[in-house]
Amino acid sequence: MSIEILENLRKAVIQYDSEGAAIWAKKAIEKGIDPMKALAALTDAIRQIGNGYGRGEFFLPDLVGAAKVMTNATPIIEEEIKRSGKKREFLGTIVIGTVYGDIHSIGKTMVATLLTVEGFEVI
């Protein structure tokens, strides 16, 4: 059952399904799945999109769509990580931002998501 939940969480990111990703993230928590494994499923999905982008199989809108899904699902899992007392190990901390409403906020969000996936704490 837990493998199915994690696979559905991963698929939600790949299919740009923000609502589905949030639902599967909550189900993972409800079923007692290690939140670090749920985070790993999200990470695996965004890496798959990123690798496909590198090979020319995906395009910038695909990365943006997957990053948006991650942005919706990750806080649910992060909250459970904090609640459970587990600690994520970060490679470092990065502060990132743009002027409010600037079109570059799309790129900022995507970069922040990818940095988070690679193990950085992004503020």
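The values are calculated or read from the model by the stated rules, or taken from the named source; none is laboratory data. Treat the numbers as computed from the prediction; the structure is a model and nothing was measured. Please note: Cβ atoms are built from the backbone with ideal geometry, for glycine as well, and neighbour counts cover all protein chains shown.
Going through the range 98-123 one residue at a time, which ones are in a loop (DSSP other than H, G, I, E, B) and either surrounded by 11 or more Cβ atoms within 10 Å (Cβ to Cβ) or at pLDDT below 80 (or both)?
Answer for the range 98-123, where residues must be in a loop (DSSP other than H, G, I, E, B) and either surrounded by 11 or more Cβ atoms within 10 Å (Cβ to Cβ) or at pLDDT below 80 (or both): THR98, GLY101, ASP102, ILE103, HIS104, GLU118, GLY119, PHE120.
Please specify each residue of the range 62-90 satisfying the condition of being in a helix (DSSP H, G or I), more than 19 Å from LYS26 (Cβ to Cβ) and acidic (Asp, Glu).
Of everything in the range 62-90, just one residue is in a helix (DSSP H, G or I), more than 19 Å from LYS26 (Cβ to Cβ) and acidic (Asp, Glu), namely ASP62.
If the requirement is being surrounded by 20 or more Cβ atoms within 10 Å (Cβ to Cβ) and either touching a residue at least 12 places away in the same chain (Cβ under 8 Å) or among the small types (Gly, Ala, Ser) (or both), which of these qualifies: VAL69, VAL64? Steps first, answer last, please.
On the way: VAL64 fails: surrounded by 20 or more Cβ atoms within 10 Å (Cβ to Cβ).
That would be VAL69, the only listed residue that is surrounded by 20 or more Cβ atoms within 10 Å (Cβ to Cβ) and either touching a residue at least 12 places away in the same chain (Cβ under 8 Å) or among the small types (Gly, Ala, Ser) (or both).
Would you be able to say whether some residue in the range 77-84 is touching a Phe, Trp or Tyr at 6+ places or on another chain (Cβ under 6 Å) and surrounded by 12 or more Cβ atoms within 10 Å (Cβ to Cβ)?
No, the range 77-84 contains no residue that is touching a Phe, Trp or Tyr at 6+ places or on another chain (Cβ under 6 Å) and surrounded by 12 or more Cβ atoms within 10 Å (Cβ to Cβ).
When residues of the range 24-57 are filtered for being touching a helix residue (DSSP H, G or I) at 6+ places or on another chain (Cβ under 8 Å) and either of a type outside the set (Gly, Ala, Ser) or more than 22 Å from ARG83 (Cα to Cα) (or both), how many remain?
Result for the range 24-57: 21.
Counting only residues that are surrounded by 16 or more Cβ atoms within 10 Å (Cβ to Cβ) and in contact (Cβ under 8 Å) with a residue 40 or more places away in the chain, which one in the range 43-61 is farthest from ILE5 (Cα to Cα)?
Per the criteria, the residue is GLY50.
Are there any pairs with C-beta distances below 7 angstrom linking a residue in the range 97-119 that is more than 14 Å from GLY50 (Cβ to Cβ) and touching a residue at least 40 places away in the same chain (Cβ under 8 Å) to a residue that is among the small types (Gly, Ala, Ser) and surrounded by 11 or more Cβ atoms within 10 Å (Cβ to Cβ), with the two at least 6 apart or on different chains, and if so which?
Hits for this filter: THR109/ALA67.
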